[in-house]
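*Asks:* Quick one: the structure is below, and I'll ask about it shortly.
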Amino acid sequence: MPLWAADRGSLRVRAEEAEMTRTASLRDDEVLMKTSAGTARHAISLIDLTDLSDDRTSSGIDALCKRAAEYGTAAVCVWPEYVARCVDLLDGADVGVATVINFPKGNQQIGVVLDQTLTALSDGANEIDVVLPYKMFRNGDVKPTASLIEAVGDIIAPPGVLKVILETGELDNEAIRSAAELAVGLGADFIKTSTGKTDVSATLGAARIILEVIAATDRAVGIKPSGGIRSFDDAVGYLNLAEEVMGPDWATRSTFRFGASGLLDALLAEV
């Protein structure tokens, strides 16, 4: 065989091998993109799209509701004075309206808290995120803490949702576990980590403790990591943790929410 023929055959083999490698690499990238896109879409469906800023405006709330309806988030979460507006704007959309009570410091009198809750429910809120009196709880005053959460829960009729905010950044691990157990025992539908108004918001460590408490209960309870969750990787970290503790496919709208204002854009970039 002429030398040039052997060289041509060798070049053909190398070219075929290179093409196979390139095709396999593209296929792997395609699978990765589909996986990332699917995860991002799932995470979007679990967002409580939030505007609890101090400089909120009516036009900002309108834009928030428009985006929530367009991209199919689980809910919006707004200050109580915007509940009725959100209910009107989201009429016909499969998006819940959540509001915050006893927020953010968790130190309001029980009468004020109940009045806020009744007004929010009357305005059409179907999800109430109430701050546990965490300073009181941290100081060992468990009974008045429990009384407030129980009183709020008593006026939320099904299918209304009670989310209890622990403010985990202000509690040590033992207190996080005890507060989560208390909230679950008082009928909370979700345990929410944080208000987003303290130096430390959601962490994977706090979320793990909450999930362990949820795993030990005999009824359905969800988790809402909230505050500081801004990137696709952040979202994946919490979803992976939920799968590790609770099992595959556990994280749905009825068991898992992200409390976030900026996460949606990061997830849309992955779709």
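All of the numbers you see were taken from the coordinates with simple rules; none came from a lab. Since we're looking at a predicted model, the values are computed, not measured. Counting neighbours? That spans all protein chains shown, and the Cβs are built from the backbone with ideal geometry, glycine included.
*Asks:* Within region 188-203, restricting attention to residues that are over 20 Å from T252 (Cβ atoms) and of a type outside the set (S, T, N, Q), which residue is surrounded by the fewest Cβ atoms within 10 Å (Cβ to Cβ)? Walk me through how you get there before you give the answer.
*Replies:* First, the residues of region 188-203 that are over 20 Å from T252 (Cβ atoms): 194-201, 203.
If we keep only those that are of a type outside the set (S, T, N, Q) too, we end up with 196-197, 199-200.
Working: G196: 21, K197: 15, D199: 6, V200: 15.
If we take residues in region 188-203 being over 20 Å from T252 (Cβ atoms) and of a type outside the set (S, T, N, Q), then D199 is surrounded by the fewest Cβ atoms within 10 Å (Cβ to Cβ).
*Asks:* It is to be established whether one or more residues within region 157-167 are outside any loop (DSSP other than H, G, I, E, B) and surrounded by fewer than 17 Cβ atoms within 10 Å (Cβ to Cβ). Let's see the steps before the verdict.
*Replies:* Filtering region 157-167 down to residues outside any loop (DSSP other than H, G, I, E, B) leaves 161-165.
When the remaining residues are screened for being surrounded by fewer than 17 Cβ atoms within 10 Å (Cβ to Cβ), the result is none.
No, region 157-167 contains no residue that is outside any loop (DSSP other than H, G, I, E, B) and surrounded by fewer than 17 Cβ atoms within 10 Å (Cβ to Cβ).
*Asks:* Do the conditions hold for A84, that is, is it in contact with a Leu (Cβ under 8 Å, 6 or more places away or on another chain), over 18 Å from L162 (Cβ atoms), surrounded by fewer than 24 Cβ atoms within 10 Å (Cβ to Cβ) and hydrophobic (A, V, I, L, M, F, W, C)? Can you show your working first?
*Replies:* Working: in contact with a Leu (Cβ under 8 Å, 6 or more places away or on another chain): no; over 18 Å from L162 (Cβ atoms): yes; surrounded by fewer than 24 Cβ atoms within 10 Å (Cβ to Cβ): yes; hydrophobic (A, V, I, L, M, F, W, C): yes.
So A84 fails the test.
*Asks:* Here's another thing I want to ask about it. Given the residues A63, A75, A37, A43, which is the only one that is without any contact (Cβ under 8 Å) to a residue 12 or more places away in the chain and not polar (S, T, N, Q)?
*Replies:* Numbers: A75 fails: without any contact (Cβ under 8 Å) to a residue 12 or more places away in the chain; A37 fails: without any contact (Cβ under 8 Å) to a residue 12 or more places away in the chain; A43 fails: without any contact (Cβ under 8 Å) to a residue 12 or more places away in the chain.
Exactly one residue qualifies, and that residue is A63.
*Asks:* Next question. Test T195 against the stated conditions and say whether it is under 18 Å from R257 (Cβ atoms) and in contact with a Pro (Cβ under 8 Å, 6 or more places away or on another chain). Before the answer, list the steps.
*Replies:* Details: under 18 Å from R257 (Cβ atoms): yes; in contact with a Pro (Cβ under 8 Å, 6 or more places away or on another chain): yes.
So T195 fits the description; yes.
*Asks:* Can I ask one more? So which of D88, D48 ends up being free of Cβ contacts under 8 Å to residues at least 60 places away in the same chain and not polar (S, T, N, Q)? Give the steps one after another, and end with the answer.
*Replies:* Numbers: D48 fails: free of Cβ contacts under 8 Å to residues at least 60 places away in the same chain.
None of the others qualify; the one that does is D88.
*Asks:* In region 110-130, how many are assigned to a strand (DSSP E or B) and either on the phi > 0 side of the Ramachandran plot or touching a helix residue (DSSP H, G or I) at 6+ places or on another chain (Cβ under 7 Å) (or both)? Break it down into steps so the answer makes sense when it comes.
*Replies:* Within region 110-130, the first condition is being assigned to a strand (DSSP E or B), and the residues that meet it are 127-130.
Next, from what is left, pick out any that are either on the phi > 0 side of the Ramachandran plot or touching a helix residue (DSSP H, G or I) at 6+ places or on another chain (Cβ under 7 Å) (or both): 128, 130.
So the count comes out to 2.
*Asks:* Hey, could you check region 251-266 for residues that are surrounded by fewer than 21 Cβ atoms within 10 Å (Cβ to Cβ) and either assigned to a strand (DSSP E or B) or not hydrophobic (A, V, I, L, M, F, W, C) (or both) and say which is farthest from the chain's Cα centre (by Cα)?
*Replies:* Only one residue fits best here, namely D265.
*Asks:* Out of the residues in region 204-250 meeting the condition of being under 13 Å from the mean Cα position of the chain (by Cα) and in a loop (DSSP other than H, G, I, E, B), tell me which one is surrounded by the most Cβ atoms within 10 Å (Cβ to Cβ).
*Replies:* P225
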